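The structure appears below as structure tokens.
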Amino acid sequence: MSDLGASLVVAAVAAVVTAVVSLALPDLLRRAHLLDAPGDRSSHTVPTPRGGGIAVLLGVVAAALAALALAPAAPVLGGGWLPSLAGVAVAAGLVGLVDDARGVPPAVRAVLQLVVGAGAGLLVVALDDVSWVWVPVAAVATAAYVNAVNFMDGLNTMTGLHCLVAGAGFAVMGVVTVDRSPADTGWLLPAGLVVAAAGAAFLPFNGASGGPARLFLGDVGSYGVGAMVAFLAGAGFLTGLPLEMALAPLVVWLADTAHTLVLRVAAGERWYLPHRTHAYQRLTDAGWSHRQVSLAAAGATALAVALATAVAEQALVWRLAGGVLLVLLGWAWVKLPAWLGHPSPWGAVARARRA
């Protein structure tokens, strides 16, 4: 079986299982009273079941099991990468599921996310024999990106499209670099396609048609997706992806989150409380629909992937230029609402406090 054929098979498993479980989840979540009620800071208007991320995670787990079964005939599925991806996703998702159902104090949640990130680092050490110094780095980086995705999971299709585009981006980068990386990035092809397929299969249930969403990912989904994308980026980098390629699918989410956090902290706000001052939220205030904002973020992410891939094997000066372009792309994203007449209020608050 060819690498692409095997990768498409496990991706199809992820898509089918995600879709089937998503069909059953709305009624089950209503019976469990896992509903997201609209409020002043929310972007929806009717109570909607949250916890749809369970479907995405089960899709990825099913794909990992299929990979174990097919690995003897398809070496690209071997090495333990897909089961590790699924394990990290499920661990992060379980933290989110408890948060969805009962709530978790911020300090406890942060510790649990760091533990999940450390576990991801230990898996990479075991699979690729990299230095143990990367374990604490993985702990912090994973926890940070899980929170970034959670903060950005406020619009229909936003995180599902991120799953689709980021996963597809890593799959392409795995193919591009597999023959010239110091290690072996070939595992990114099936892993990236599985993440992309699970995200794509969830989109029809999350308002992709433009109507109301039948399901929200919930914290179980945003934590799980954040952990998966962080794992693809971190493990991809440690197995041979150039740094700019590893970070490119994360640029928009990191820029929006970092910009908002810096302004809120400077204004003396409690950064971990809900709010509506992210760039993507202000774009909806400017009149964009959920789908328009989500597609814009996905398009910017695809552009970042294309830029990073184009310069990755060029001379150092071109790689540096590509890095600058990625930073400018993130800057343009956070400035876009202001250009449309909806600047962040926190910058003015912070300046007033310093005056």
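The values are calculated or read from the model by the stated rules, or taken from the named source; none is laboratory data. Since this is a predicted model, take the numbers as computed values, not measurements. Here the Cβ positions follow ideal geometry from the backbone for every residue, glycine too, while neighbour counts run over all protein chains shown.
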Q: Inspect all residues belonging to the range 300-310 and state whether any of them is modelled with pLDDT of 95 or more and hydroxyl-bearing (Ser, Thr, Tyr).
A: yes
Q: Considering each of 36, 3 in turn, give the residue that is touching a helix residue (DSSP H, G or I) at 6+ places or on another chain (Cβ under 8 Å), among the charged types (D, E, K, R) and within 29 Å of residue 173 (Cα to Cα).
A: 3
**Q.** Which listed residue, of 235, 208, is farther than 26 Å from residue 323 by Cβ, out of contact with any Pro (no Cβ under 7 Å at 6 or more places or on another chain) and of a type outside the set (Asp, Glu)
**A.** 208
Q. If you scan the range 162-202, which residues turn out to be closer than 12 Å to residue 249 by Cβ and either of a type in the set (A, V, I, L, M) or not in a helix (DSSP H, G or I) (or both)?
A. 164, 165, 166, 168, 171, 172, 173, 188, 195, 196
Q.
All but one of (1) free of Cβ contacts under 8 Å to residues at least 60 places away in the same chain; (2) within 19 Å of the chain's Cα centre (by Cα); (3) surrounded by fewer than 23 Cβ atoms within 10 Å (Cβ to Cβ) hold for residue 192; state the number of the condition that does not hold.
A. (3)
Q | Single residue of 211, 240, 236 found to be small (Gly, Ala, Ser) and within 17 Å of the chain's Cα centre (by Cα) | A | 236
Q) Among 211, 240, which is at positive phi, part of a loop (DSSP other than H, G, I, E, B) and out of contact with any Cys (no Cβ under 9 Å at 6 or more places or on another chain)? A) 240
Q. What number of residues within the range 115-143 are without any contact (Cβ under 8 Å) to a residue 24 or more places away in the chain and either under 16 Å from the mean Cα position of the chain (by Cα) or outside any helix (DSSP H, G or I) (or both)?
A. 4
Q: Output the residue which, of all residues in the range 152-189 that are hydrophobic (A, V, I, L, M, F, W, C) and free of Cβ contacts under 8 Å to residues at least 24 places away in the same chain, is surrounded by the most Cβ atoms within 10 Å (Cβ to Cβ).
A: 178
Q: Determine if the range 26-42 includes at least one residue that is among the hydroxyl-bearing types (Ser, Thr, Tyr), within 23 Å of the chain's Cα centre (by Cα) and buried (at least 17 other Cβ atoms within 10 Å of the Cβ).
A: no
Q: Check 126, 92, 101 and return the single one that is over 26 Å from residue 258 (Cα atoms) and in contact with a Ser or Thr (Cβ under 9 Å, 6 or more places away or on another chain).
A: 126
**Q.** Condition broken by residue 76, with the remaining ones in (1) within 21 Å of residue 242 (Cα to Cα); (2) in contact with a Leu (Cβ under 8 Å, 6 or more places away or on another chain); (3) surrounded by 20 or more Cβ atoms within 10 Å (Cβ to Cβ); (4) at pLDDT 95 or above satisfied
**A.** (4)
Q: List every residue pair whose Cβ atoms sit under 7 Å apart, with the two residues 6 or more apart in sequence or on different chains, where the first one lies in the range 235-248 and is buried (at least 20 other Cβ atoms within 10 Å of the Cβ) and the second, anywhere, is basic (Lys, Arg).
A: 244/319
Q) Looking at the range 198-234, which of its residues are among the polar types (S, T, N, Q) and without any contact (Cβ under 8 Å) to a residue 24 or more places away in the chain? A) 209
Q | Selected residue (criterion: farthest from residue 249 (Cα to Cα)) from residues of the range 274-303 that are aliphatic (A, V, I, L, M), without any contact (Cβ under 8 Å) to a residue 60 or more places away in the chain and surrounded by fewer than 18 Cβ atoms within 10 Å (Cβ to Cβ) | A | 286
Q) Of the residues that sit in the range 110-133 and are at pLDDT 95 or above and not aliphatic (A, V, I, L, M), which one is surrounded by the fewest Cβ atoms within 10 Å (Cβ to Cβ)? A) 119
Q. Mind checking whether some residue in the range 249-270 is surrounded by 14 or more Cβ atoms within 10 Å (Cβ to Cβ), without any contact (Cβ under 8 Å) to a residue 40 or more places away in the chain and of a type in the set (Val, Ile, Thr)?
A. yes
Q: Please go through the range 327-346 and pick out each residue that is more than 21 Å from residue 251 (Cβ to Cβ) and in a helix (DSSP H, G or I).
A: 345, 346
